[in-house]
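Written out below as structure tokens is the structure these notes cover.
The values are calculated or read from the model by the stated rules, or taken from the named source; none is laboratory data. Keep in mind it's a predicted model, so treat the numbers as computed, not measured. Neighbour counts run over all protein chains shown; Cβ positions are idealised from the backbone, glycine included.
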Amino acid sequence: MASPVSPQGFAEAIAVNEGVISAIGSNDEIDARTPDPLNGRIERQPDGAPSGTLHESAMALVARHLPSISREEMSAALRAALKTLHGHGITHWQDACVGDAGEIGVVDSYDAYRSAALEGWLTARVRGALWWDRSKGLEQVAFLLGRREAAPAGPFRATSVAKSTWPFSARTSWRFRRRRSATRPST
């Protein structure tokens with residue numbers, strides 16, 4: 001029998017093996033009768049049974065079963081990722097989901113990146129796309145702008161916002177742009 005692990009995660013989908021589906025299915029949470037959730041999709045086999053790929057909000061069916069991650073575990077994971085990625089020559093990447101996106105099983109990595117940068121051990125250049133929580137409204141803009149302002153330069157920069165737009169596309173991101181004041185003196 002397959003072990004219940006989630007071998008592959010993406011920002012817009014997660015692939016799980018049959019051990020995970022069986023473990024979750026035993027709680028009557030995901031099986032052939034489970035409807036696709038709002039803003040999500042369960043890929044299925046011809047008989048209707050889940051195939052193992054969960055898109056967008058369907059990832060919550062697995063995410064709610066994941067254990068929490070401590071600050072120390074997040075730092076250790078980042079150190080291990082740096083070592084592995086540098087070993088393959090990768091020194092720059094964009095993290096497409098920086099923020100609390102528990103509904104899709106993504107833990108907020110902002111503090112880990114920022115701390116690593118401030119402590120001097122973030123040896124890669126990382127651009128973070130801040131997560132737009134679709135359950136909140138425009139009240140989160142100030143928070144996101146604050147995060148961007150706190151990480152404007154250096155090895156970790158929070159430069160854009162990622163928003164799930166299922167079913168129209170897998171992901172859409174856009175950049176916040178500072179507007180120049182209309183009263184700015186001309187030179």
Count of the range 97-115 residues which are in a loop (DSSP other than H, G, I, E, B) and at negative phi = 4
Is the range 84-107 home to any residue that is modelled with pLDDT of 95 or more, touching a helix residue (DSSP H, G or I) at 6+ places or on another chain (Cβ under 6 Å) and either within 21 Å of Pro152 (Cα to Cα) or surrounded by 18 or more Cβ atoms within 10 Å (Cβ to Cβ) (or both)?
-> no
Consider His86 carefully, then state whether it is at negative phi and in contact (Cβ under 8 Å) with a residue 60 or more places away in the chain.
-> no
Of the listed residues (Ala63, Ala96, Ala81, Ala77), the one being touching an Asp or Glu at 6+ places or on another chain (Cβ under 8 Å) and either outside the structural domain of Asp133 (by TED's automatic domain parsing) or of a type outside the set (Val, Ile, Thr) (or both) is Ala63
What is the residue count in the range 30-59 for residues that are free of Cβ contacts under 8 Å to residues at least 12 places away in the same chain and assigned to a strand (DSSP E or B)?
-> 1
Is there any pair with a first residue in the range 143-156 that is in a helix (DSSP H, G or I) and a second that is among the small types (Gly, Ala, Ser) whose Cβ atoms are under 7 Å apart and which are 6 or more apart or on different chains, and what are they?
-> Arg147/Ala158; Arg148/Ala158
Residues in the range 103-142 that are without any contact (Cβ under 8 Å) to a residue 40 or more places away in the chain and either under 21 Å from Arg71 (Cα atoms) or of a type in the set (Ser, Thr, Tyr) (or both) total 14
In the range 44-81, anything loosely packed, with under 12 Cβ neighbours inside 10 Å and touching a strand residue (DSSP E or B) at 6+ places or on another chain (Cβ under 8 Å) is listed as Gln45
Working carefully through the options Ala2, Ala32, find the one that is farther than 28 Å from Arg148 by Cα, exposed (fewer than 15 other Cβ atoms within 10 Å of the Cβ), modelled with pLDDT under 85 and among the aliphatic types (A, V, I, L, M).
-> Ala2
